Amino acid sequence: MPIITLADGSQRPYAQPVSVYQVAQDISPGLAKNALAGKVGDHLVDTHSLITQDCPLKIITDRDPEGIDIIRHSTAHLLAHAVKELYPDTQVTIGPVIEDGFYYDFSCPVTFTPDTLTAIETRMKEIAKRNIPIQRLEWPRDQAIAFFKNKGEHYKAEIISSIPANETLSLYQQGDFIDLCRGPHVPNTQHLKVFKLMKIAGAYWRGDARNEMLQRVYGTAWAKKEELQAHLTQLEEAEKRDHRKIGKALDLFHIQEEGPGMVFWHPNGWVIYRILEDYMREKYVAHGYQEIRTPQVLSRTLWEKSGHWEKFHEDMFITESEKHDYAIKPMSCPGHVQVFNHGLRSYRELPLRLAEFGNCHRNEASGALHGLIRVRAFVQDDGHIFCTEDQIQEEAARFIDMAQGIYEDFGFTDITVKLATRPDKRVGAETTWDKAEKALEATLQQKKLLWQLAPGEGAFYGPKIEFSMKDCIGRQFTCGSVQLDFSMPERLGASYVAEDNTRQTPVMLHRAIFGTLERFIGLLLEHYAGILPVWLAPHQVSILTITEKQDTFAAEIAQKLQEQGFRTKIDLRNEKIGFKIREHTLNRVPFQVVLGEREASTRTVAVRTLRGHDLGSMSIEALCQLLAQEVAKRGRI
RNA sequence: GCUGACAUAGCUCAGCCGGUAGAGCAGCUGAUUUGUAAUCAGCAGGUCGUGAGUUCGAAUCCCACUGUCAGCACCA
C-alpha cells in the first residue's frame with residue numbers, strides 16, 4: 001500500500017501498486033498526457049513502471065531538463081529505428097544524448113549523404129506519427145546476446161558481452177525495433193515531434209582509431225518548435241563569431257595552401273600579436289621570470305635524450321644537414337634545460353624561472369588543423385620553473401594567481417580548470433606520481449578553484465592543471481597549463497648543489513598562460529566577436545572629415561593622437577560622413593572622431609563610439625584622457 | 001591521419017540536365033564638397049584549386065592530388 005509524496009509535498013495513498021502514469025492521471029488528465037517519465041527519489045523511471053513502496057515522486061514532462069534529455073534519447077532511438085527500416089543491413093551501435101541533442105553511430109554498407117539524411121528524417125517523422133508505444137523489456141544477458149547475434153547485430157552483441165553475465169538487461173521496443181538501453185524513454189513515439197538531423201560524420205568504433213569507422217548521425221531535439229528555432233538561430237550567430245571570418249573581415253591574417261597550418265600575420269593582426277607579447281613580457285618581469293631565447297633547430301641527439309625522438313617523432317618536422325639529422329623544435333623544454341645546465345647551479349638560485357616566446361613547429365595531423373586555434377607553427381609563452389620538490393606547491397599556486405590575473409585582463413570568465421592525472425603510458429615511480437598529483441590537487445584546493453578531474457590525461461612525464469576556454473561553437477581548447485615533470489631534468493642531466501653539498505635533480509614545472517599566441521588570439525577574437533577592447537584594437541581611433549576644408553585640422557589632431565601613442569587612422573576621402581562611419585564601424589574601430597566646420601572653428605572633436613553613442617564635442621586633451629582610460633581598463637569591465 | 005562535404009574575380013556568392021563565365025561589394029577614373037552605418041556614373045578585373053581523362057566541345061561528367069569545412073582520432 002504505497003504512499004506517494006508528490007513534488008508539492010502532498011501525499012497520495014494507494015491500495016495497490018500503481019504506475020507513474022496512473023498517478024499522473026489522478027492528478028490531472030492533462031499531466032498524464034504530457035508525462036514523459038517519473039522521478040522516484042533520484043531515479044528516473046518510465047511512466048508505465050509500477051510503484052510498490054512509499055516514495056517521493058515527480059512527474060517529468062518536457063518542461064523539466066530531465067524530460068528534454070529523455071526526448072533526445074528517445075529521438076536517438078527513433079533515428080536508429082528509421083535507419084533500420086530504410087537500410088535493414090545496418091548494424092546499430094550506440095546513441096547517447098549530448099549537449100543540445102544526440103547522435104547515433106551506425107555500421108552501414110550504404111554511405112550516408114545529405115540526401116539520405118533528409119530521407120532518414122522524413123522516415124523518423126513518419127514513425128513518430130505511427131503512434132507506437134515504447135515498451136521496456138527485461139531479459140537475461142545471454143538471451144540478449146543470442147537475440148542480437150541472430151539479427152546480425154554484432155556490435156550490439158559485443159557491447160552486451162562486456163556486461164557481467166548474471167545481470168538482467170533492459171531493452172526497449174518500439175514496433176519492430178528493439179534496442180539495448182537503460183532508459184527511461186518516452187511512453188510513445190508521438191512525443192517526438194521537434195527534432196532535426198544536423199550532420200553526418202565518421203567516428204571510430206569505441207573511439208579507437210584502429211577500429212572500423214562508423215557513420216555517425218548528429219541530431220538535435222527539443223520540446224517546442226520555438227526552442228529548436230532558437231537553437232538554430234544561435235548556431236548561425238555563433239558562426240559569425242568565427243575567428244577565421246573575423247580575421248578575414250578585419251584583415252588580420254591569412255593561411256594559404258603552401259603553408260597549411262602556418263599563419264601569415266598581416267599588419268592589423270600583428271598589432272594584436274605584439275601587444276600580447278609586450279604585455280606578457282611585463283608580467284614575466286613582475287612575476288620573477290627571466291626571458292631567454294633558444295634555437296629552433298637542434299640535433300637529433302638532444303631529442304633522443306629528451307625522449308621526444310621516441311615519443312614525439314611523428315609530430316616533429318625533421319631536417320638534415322651534412323648527414324646529420326635535426327628536428328625543428330616542437331617545444332622549448334629541452335632547450336631550457338640546456339640553459340639551466342650551463343654552469344653550476346646552487347639551491348640558492350631555485351626556483352629559477354625561465355621563459356621564452358618559443359617559436360615551435362609541430363606536424364599536426366591535417367584533419368586537426370583549425371584556423372589559428374590548431375596550427376603547425378606557433379609561439380608558446382613557454383616557461384620552465386626549476387625548483388625543489390618542497391617548492392612545487394608554492395610555485396604552482398603562484399602560477400595560478402598569475403594566470404587568473406591575466407585571464408581577467410582579457411575578459412575571460414568562462415574558464416574550465418582540469419586536473420589531468422597519470423596516463424597509461426608514463427614514466428616515473430607510482431610514489432612520485434602520488435606526490436605530484438597530490439601537490440597539484442592541494443594547490444587547486446588552496447586556491448578554491450572549481451575544477452574537474454581528467455583521469456589519464458596527464459603528460460607522460462607528469463600530471464597537469466589545464467585552463468580551457470570555449471570557442472564560438474562550444475568546443476573546448478586548452479590555453480594555459482602547468483605540468484609537473486620529474487623526468488626530463490634527470491634525462492637531460494640537470495642538477496644543482498643542495499644545502500648539504502650533495503648533487504640533486506631539480507623538479508621542472510612546464511607552464512604557459514596563453515598556451516600559444518595563435519590559439520589565444522583566435523579564442524580572443526571569438527570571445528569579443530571581433531569587437532576588441534581599446535587596448536587590443538589594431539586601430540583605436542579614426543579621424544573622419546566632413547569636407548576637405550578640415551584636412552589640415554585633421555592632420556594636426558592625428559599627429560597629436562599618434563604622439564600620445566594611440567593607433568590612429570585618418571580618413572580624408574571624398575566621401576559622405578555616413579559612408580566613412582559605416583566603413584570604420586565595420587572595421588571595428590572603437591572611437592571615431594568627426595571633424596567638420598564646427599569642430600575646426602572651436603578646435604574640438606566630435607566623438608562617436610563603435611556602439612553608436614555620440615559623446616558630443618570635446619577638446620583633444622579630453623579625448624586623449626578618455627582613450628587612455630579605456631586602454632588602462634584592458635579587458636576588465 | 002580517417003569519414004563525408006566543398007573549392008568560380010580581392011570579398012560574398014550565382015552559373016539547371018556539358019556549348020570556352022555573371023552579380024553585389026571592394027578597386028581604378030570622373031563628377032559631387034557632403035554632419036553620424038552605403039552619393040552617382042563609367043572602367044577594369046577570372047587558364048573556374050592543380051593534374052590527367054571522357055567528349056567535336058568541360059566551371060559543369062570520371063579519376064588522382066592539394067587545400068578548406070564538420071565530426072572522429074590526436075592535441076597548445
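Odds and ends about this structure:
- Contact annotation: residue pairs with Cβ atoms under 6 Å, 6 or more positions apart or on different chains, pairing a residue in the range A:584-599 that is touching a residue at least 24 places away in the same chain (Cβ under 8 Å) with a partner that is within 7 Å of RNA strand B (Cβ to nearest atom) and of a type in the set (K, R), are A:Q592/A:R608.
- Any chance A:A600 is of a type in the set (G, A, S), away from RNA strand B (no atom under 11 Å from the Cβ) and either open to solvent by less than 80 Å² (accessible area, probe 1.4 Å) or more than 25 Å from A:L532 (Cα to Cα) (or both): no
- The requirement of being part of a helix (DSSP H, G or I) and modelled with pLDDT of 90 or more is not satisfied by A:I178.
- If you go through the range A:157-185 and keep only what is more than 13 Å from A:I145 (Cα to Cα) and open to solvent by less than 20 Å² (accessible area, probe 1.4 Å), you end up with A:Y172, A:Q174, A:F177, A:C181, A:P184, A:H185.
- Counting the residues of the range A:531-566 that are assigned to a loop (DSSP other than H, G, I, E, B) and within 13 Å of RNA strand B (Cβ to nearest atom) gives 3.
- Residue match in the range A:440-454 (condition: open to solvent by 80 Å² or more (accessible area, probe 1.4 Å) and closer than 25 Å to A:Y347 by Cβ): yes
- Residues located in the range A:218-241, provided they are within 16 Å of RNA strand B (Cβ to nearest atom) and in contact with a helix residue (DSSP H, G or I) (Cβ under 7 Å, 6 or more places away or on another chain): A:G219, A:T220, A:R241
- Candidates A:D424, A:D434 - the one that is open to solvent by 30 Å² or more (accessible area, probe 1.4 Å) and assigned to a helix (DSSP H, G or I): A:D434
- Meets criteria (within 22 Å of the chain's Cα centre (by Cα), within 16 Å of A:L484 (Cβ to Cβ) and away from RNA strand B (no atom under 14 Å from the Cβ)) for A:W433: no
- Residue list for the range A:567-589, filter: crowded, with 20+ Cβ neighbours inside 10 Å and either outside any strand (DSSP E or B) or within 9 Å of RNA strand B (Cβ to nearest atom) (or both): A:K580, A:H584, A:V589
- Taking the criterion of being touching a residue at least 24 places away in the same chain (Cβ under 8 Å) and either in contact with a Lys or Arg (Cβ under 7 Å, 6 or more places away or on another chain) or loosely packed, with under 15 Cβ neighbours inside 10 Å (or both), the residues of the range A:290-310 that qualify are A:Q290, A:E291, A:R293, A:P295, A:Q296, A:V297, A:L298, A:S299, A:K305, A:S306, A:G307.
- Number of positions in the range A:207-226 that are of a type in the set (G, A, S) and assigned to a loop (DSSP other than H, G, I, E, B): 2
- Test: residue in the range A:216-237 that is at pLDDT below 95, more than 29 Å from A:F514 (Cβ to Cβ) and β-branched (V, I, T): yes
- Scanning the range A:455-478 for residues that are acidic (D, E) and open to solvent by less than 30 Å² (accessible area, probe 1.4 Å) yields A:E466, A:D471.
- Filtering A:H527, A:H539 for residues that are open to solvent by 20 Å² or more (accessible area, probe 1.4 Å), touching a His at 6+ places or on another chain (Cβ under 9 Å) and within 21 Å of A:I272 (Cβ to Cβ) leaves a single hit, A:H539.
- Selection within the range A:337-360 - within 15 Å of RNA strand B (Cβ to nearest atom), open to solvent by less than 40 Å² (accessible area, probe 1.4 Å) and of a type outside the set (D, E): A:F357, A:G358, A:C360
- Cβ-Cβ under 9 Å pairs, at least 6 apart or on other chains, the range A:254-267 side closer than 25 Å to A:A537 by Cβ, far side of a type in the set (D, E, K, R): A:H254/A:K248; A:I255/A:R244; A:V263/A:E518; A:H266/A:D251; A:P267/A:D251
- Of everything in the range A:603-621 that is charged (D, E, K, R) and assigned to a strand (DSSP E or B), the residue that is nearest to RNA strand B (Cβ to nearest atom) is A:R608.
- Count - residues of the range A:33-52 that are touching a Pro at 6+ places or on another chain (Cβ under 6 Å) and open to solvent by 50 Å² or more (accessible area, probe 1.4 Å): 3
- Given (1) in contact (Cβ under 8 Å) with a residue 24 or more places away in the chain; (2) more than 11 Å from RNA strand B (Cβ to nearest atom), index of the condition A:T319 fails: (1)
- Taking the criterion of being open to solvent by less than 50 Å² (accessible area, probe 1.4 Å) and not in a helix (DSSP H, G or I), the residues of the range A:244-256 that qualify are A:L250, A:L252, A:F253.
Rundown of residues vs (1) among the hydroxyl-bearing types (S, T, Y); (2) surrounded by fewer than 17 Cβ atoms within 10 Å (Cβ to Cβ), yes/no style:
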position	(1), (2)
A:V194	no, no
A:Y204	yes, yes
A:N211	no, yes
A:T220	yes, no
A:L228	no, no
A:T233	yes, yes
A:K240	no, yes
A:G261	no, no
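- Restricted to strands (runs of 3 or more DSSP E) entirely inside the range A:40-117, those with at least 1 residues that are within 12 Å of RNA strand B (Cβ to nearest atom), among the hydrophobic types (A, V, I, L, M, F, W, C) and within 20 Å of A:I178 (Cβ to Cβ) are A:101-107.
- Of all residues in the range A:199-215, those that are farther than 21 Å from A:T118 by Cβ and more than 6 Å from RNA strand B (Cβ to nearest atom) have Cβ atoms under 8 Å from Cβ atoms of residues that are open to solvent by 40 Å² or more (accessible area, probe 1.4 Å) and part of a loop (DSSP other than H, G, I, E, B), 6 or more apart or on another chain, in A:W205/A:N211; A:W205/A:E212.
- The criterion of being more than 9 Å from RNA strand B (Cβ to nearest atom) and either among the acidic types (D, E) or closer than 30 Å to A:D409 by Cα (or both) does not hold for A:Q592.
The values are calculated or read from the model by the stated rules, or taken from the named source; none is laboratory data. In this text, all values refer to a predicted model and were calculated from it rather than measured experimentally. Methodologically, a virtual Cβ is constructed for each residue, glycine included, from the backbone with ideal geometry; neighbour enumeration extends over all protein chains shown. Surface areas here come from the heavy atoms of the whole protein model, side chains and all, with no ligands, DNA or RNA. Shrake-Rupley method; radii C 1.70, N 1.55, O 1.52, S 1.80 Å.
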